[in-house]
Amino acid sequence: MRKILHITDLHFGRYHQPDRAAGLVRLAREREPDVVALSGDVSKRAKRNEFAQGREFVTALGVPTVAVPGNHDVPLYRFWERLLQPYGAYRRYFSAELEPSFRDDELLVVGVNTAHAWTATGGRVWPRRARRLEQQLRRSKGGRFAIVLLHHQIIPVPGYGSPKVFWNAAGTASALAAGGADLVLSGHVHMSYLGYSRVGAVATPVLFSGTASSSRGRGPDQHRNTCHWLEVDDREILIERLEWSAQASGFVPVAGGAERLRRAAE
């Protein structure tokens, strides 16, 4: 069995709530996940100090962490930096890798960067990157449970306010299906939602988490901070929704918020 903590949209900087970040560190130390999946928007405005705080946070988690950038991790107002070095601060102060991965005997996590230099809110995956993703999954999956981690929405999220998906979402979905991805973890919408990316007879679960530590939850997650705990064995996937509790000073399971999905046969 493998244990994964899925967090997203930390937004160090304005609207960040440090007690939530501290709660995530305690959660990781108590439950000891095999890996933490961070699906983008480490920062609010792609500032050096925000990324430095994010790096300190990841170090404090004390477990392997796979993180991809989000649109907020690209400078919005610093035009020349946005044009010439959109990931300069991210690479220097948070992570040199934009598309990291994790692999052990049972689990594969592949990061895909959907942000880009000219993004304000939307994302994209170039067709050639989608083809490489399919090849990467085919080459590395074996009998492993394969997770693809990205920031933007590959499927529409009800209640988000915009039905848009990232550019070339359909091509990316086809690559996921052909490569044998078992689960997609995403963020961006600041809402918890479980849906499916459907390509022919293949339905790949797509799990969105709400913001883990900013005060900008949306829709049903307004004024809430959430994350997901996943346990994967050879038969099923347990998805447990956790929510910040001021009373408990930590993240606690939501009543009725656990789902079990049967794993697809290899």
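No value in this document is a laboratory result; all are computed from the given coordinates. Since we're looking at a predicted model, the values are computed, not measured. Neighbour counts run over all protein chains shown; Cβ positions are idealised from the backbone, glycine included.
Mind giving me the nanometre distance, one decimal, between the label points for S249 and A96, set 7 Å out from Cα along Cα→Cβ?
Spacing of the two 7 Å Cα→Cβ label points: 3.9 nm.
Counting helices only, and only those DSSP H runs with n ≥ 4, report the 222 nm mean residue ellipticity of the chain as the sum of -39,500 (n - 2.57) divided by its residues, in deg cm²/dmol to the nearest 500.
Using -39500 (n - 2.57) per qualifying helix, the result is -7500 deg cm²/dmol.
Treat each spin label as a single point 7 Å out from the Cα along the C-beta direction, and report the T59 to L76 distance in nm.
Computed distance between label sites T59 and L76 equals 2.8 nm.
Can you sort H188, H11 so the residue with the fewest Cβ neighbours within 10 Å comes first?
In order of increasing Cβ crowding within 10 Å: H11, H188.
Evaluate E = 1/(1 + (r/R0)^6) for D233 and A120, where r is the Cβ-Cβ distance and R0 equals 41 Å; express this FRET efficiency to the nearest 0.05.
0.50
What does the charge count near C227 come to, summing +1 for each Lys or Arg and -1 for each Asp or Glu among other residues with Cβ under 12 Å from its Cβ?
Cβ neighbours under 12 Å give a net charge of 0.
With a point put 7 Å past each Cα toward its Cβ, work out how far E240 is from R29 in nm, to one decimal.
Output for this residue pair reads 1.9 nm.
Tell me the net charge near S245. Cut-off is 15 Å between Cβ atoms, S245 excluded, with +1 for each Lys or Arg and -1 for each Asp or Glu.
-1
Between the alpha-carbon centers of segment 1-64 and segment 105-165, tell me the distance in whole angstrom.
20
If Lys and Arg each add +1 and Asp and Glu each add -1, what is the summed charge of the other residues whose beta carbon sits under 15 Å from the beta carbon of V42? Spell out each step's value before the answer.
Values: positive: R14, R20, K44, R45, K47, R48, R55, R91, R92, R216; negative: D9, D41, E50, E56, D73, E97, E99.
Net local charge, V42 excluded: +3.
Rank these for me by crowding, S174, S186, S197, S249, going from fewest to most other beta carbons within 10 Å.
The order, fewest Cβ neighbours first, is S249, S174, S197, S186.
So how do T121, T204, T211, T226 line up by other beta-carbon neighbours within 10 Å, fewest first?
Fewest-to-most Cβ neighbours within 10 Å comes out as T121, T204, T226, T211.
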